[in-house]
Amino acid sequence: MTLLKYLVIPATIIVVGVVYWFLSYEAAGAAMIVIFGIAMTLMGWILVPTVADVGPTAPIDPEWHERRP
């Protein structure tokens with residue numbers, strides 16, 4: 001899946017926050033919804049590209065063992 005498909009849900013949340021603002025004129029609730037959408041967008045932008053990564057991110061030392069002194 002592309003990054004754009006993963007960002008549809010956060011974008012929808014932001015749109016809901018904007019619509020909520022125009023329908024209710026309540027700043028606190030609209031701000032919380034929009035900030036939550038922005039946080040989800042940021043999290044998705046950072047974490048979604050790492051979904052396909054498997055295995056360790058550092059080289060493995062074949063000589064190392066956790067119980068060896």
Based only on other Cβ atoms within 10 Å, what is the fewest-to-most ordering of Glu26, Glu63? Glu63, Glu26
Could you run the Karplus curve 6.51 cos²θ - 1.76 cosθ + 1.60 with θ = phi - 60° over the stretch 28-33 and give me ³J(HN,Hα) per residue in whole Hz, x for Gly and Pro? 5, x, 5, 5, 5, 5
Residues Phe36, Phe22 in order from fewest to most other beta-carbon atoms within 10 Å are Phe22, Phe36
So what is the calculated 222 nm ellipticity per residue for the chain, using -39500 (n - 2.57) for each DSSP H run with n of 4 or more, over all residues, to the nearest 500 deg cm²/dmol? -19500 deg cm²/dmol
Short version: what are the Cα gyration tensor semi-axes of the chain, square root of 5 times each eigenvalue, largest first, in whole Å? 43, 15, 6
Nearest 10 degrees is fine. How inclined is helix 8-24 to the longest principal axis of the chain, computing both from alpha carbons? 30
Three-way shape call for the stretch 3-42 based on the alpha-carbon gyration tensor, with the a/c threshold at 1.5: oblate
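Every number here is computed from the coordinates shown, using simple stated rules; none is lab data. Just so we're clear, the structure is a prediction, and the values are computed from it rather than from any experiment. Ideal geometry is used to build each Cβ from the backbone, glycine not excepted, and the neighbour counts take in all protein chains shown.
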